[in-house]
1. Starting from the Cα of ASN54, step 7 Å along the direction of its Cβ; do the same at THR305; then give the gap between the two resulting points in nm.
2. Given +1 on the Cβ of Lys and Arg, -1 on the Cβ of Asp and Glu, and no further charges, what dipole in debye does the chain carry about its Cα centre, rounded to the nearest 20?
3. Taking only the alpha-carbon atoms of the chain, what semi-axes of the equivalent ellipsoid follow from 5 times the gyration tensor eigenvalues under a square root, in whole Å, largest first?
4. On a 0 to 90° scale, report how tilted helix 88-106 is relative to the longest principal axis of the chain, with both axes built from alpha carbons and the result rounded to the nearest 10.
5. Translational D (Stokes-Einstein, µm²/s) of segment 241-305 at 20 °C and 1.002 mPa s when Rh comes from the Kirkwood sum over C-alpha pairs?
6. Rounded, prolate or oblate, given the Cα gyration tensor of segment 383-428, with a/c below 1.5 counting as rounded?
7. With a/c under 1.5 counting as rounded, go ahead and sort segment 288-379 into rounded, prolate or oblate using the C-alpha gyration tensor (a ≥ b ≥ c being the square roots of the eigenvalues; past the cut-off, prolate if a/b is larger than b/c, else oblate).
8. Given the DSSP H assignment, sum -39500 (n - 2.57) over each helix run of at least 4 residues in the chain and divide by its residue total; what's the result at 222 nm in deg cm²/dmol, nearest 500?
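We did not get these values from a lab; they are worked out from the coordinates using the rules stated. Worth saying up front: this structure is predicted, and the values here are computed from it rather than measured. Here Cβ is always computed from backbone atoms with ideal geometry, including for glycine, and neighbour counts include all displayed protein chains.
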Amino acid sequence: MQAPTPADSTIDPDAKTPAYAWYVLSILILVYILNFVDRQVLSILAEDVKRDLNLTDDDIGFLYGTAFGVFYALFGIPLGRLADSWHRVRLMTIGLSLWSVMTAMSGLARNGLMLTGARIGVGIGEATASPSAYSLISDWFPKKRRGLALSLYSSGLYIGGGLSLGLGGLVVENWNEAYPVKDMAPLGLAGWQAAFMAVGLPGLLLALWVFTLREPMRGQSEGIVSKTRPHPFRDFFAELITIIPPLTLIGAARSGNLLRNLAVGLLVTGIVCGLIALGEPIKQWAAVGIGAYAVYSWASALRRTDPPTFALTLGTPAFLLTVLAYGLNAFISYSVSFWASPYALRNFGVSESEVGWIVGSLGASAGFIGVIGGGWLADKLRAKHAAGRLWVVIFGAVAPVPAIAIGFTTDSLTLFYLMLFPAQALSSCALGAAAATTQDLVLPRMRGTATASFFIGTTLIGLALGPYLAGRVSALTESLSVGVLSLLVTVPIALTAAIIAARLLPASEATARDRAAAAGEEFD
């Protein structure tokens, strides 16, 4: 695709947002809803999966968070770069088809290893979605409406998470009632296996709809035309060898950085072996170690291959601190949303369908209200102060704590339900604000990479560690309440990171273009 001329691509930032932009956004929200239905449905199925596959709480936390999250984060980086240089609509179509098939295949799992493989496939497929969507939204919507638009898109997270619990619980109960003897069920499937198939296969139909969307000119909302890469897939595979072990050794050798790369790999291996020697599970920390090493390898390569993008993302402290602050927010919120259903099933003896619909509807409504309200407020504050959006991130770091503490210690089912609403609403308010902040700090051609970098925090920090550590502490203490509440020790770190980011952001945003030019960026 050739770069457009400025006259073709510029849109008046004060002009009314075109109706087609809202149409595209509505489809992207549906994609994100399905993204989280497929990702989150394991929560309501966890107790049945544990029983049938002979797993523990930390195994379930690994399947939900680490197995999915590490590969989501790692493939998100090269796929984010591909979204910066190739047809974003086609990329999302392919990814949606992949993760839908892999979700359905989760229903064929006969052991933990097979389910792990399927979850890895779901993570790789879903890694295409948000880099493509964030970039598309940022081109269709001007900067002053971007926080709200990204918050509306992000609401799919909570709607999908809520629907997954209700739909999953409904399928499981009805299937098990219809086929009380598993051997008599179609294909010999248990209820939880049928649920995976029921939520996975519809994604193939949605992929056909996504394929019909128009691809906007890159940078049109700001009138900044970026040069496109002539060989996007060659660049994609070049990026792949910088982050996927052991291909990283090839990339490091080509760049003359092999010895340093090996040294970091050995350091990470030593730390992982130390944790294993202390009794920690091999699969969890091996996966996290692979993720940490791969991110280092990629960052080193990015500094060499694309200095301007490195300068505005990993080379910008305000960007990194925003990622860290929201990553720690996700560390807690992912854990609360995932473990809420198993907690209710164990502690209050309610049915899966009741928990699914009540916890699901609470999570969906609270998340929707929180993320939309937070996005709206973030845009209002941003209009008054360059760091205004980060004030919402600061609020989101501390506001949910009392509700989480009460909800996971009460003996009252009613109070538990009541506390889930503010816990999830207040934690979700920061998402759109943090996401829009990272987009504002980079140039249009860098948005896919910026999104992938942002999701490193929400996956490697939040998703790969949060649910697992809550499950691990639960397994050690035999208390899921202690497991969830133990994660609150990270709140001061998140708060400090957000405050420092807010202080650094005005200067970082104001100098972004100049810093990119100093690093070698060429402007038309």
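1. Between ASN54 and THR305, the simple spin-label model gives 4.4 nm.
2. 1220
3. 35, 25, 24
4. Helix 88-106 and the main axis of the chain meet at about 20 degrees.
5. 179
6. prolate
7. Oblate, because a/c is 1.5 or more while a/b does not exceed b/c.
8. -24500 deg cm²/dmol
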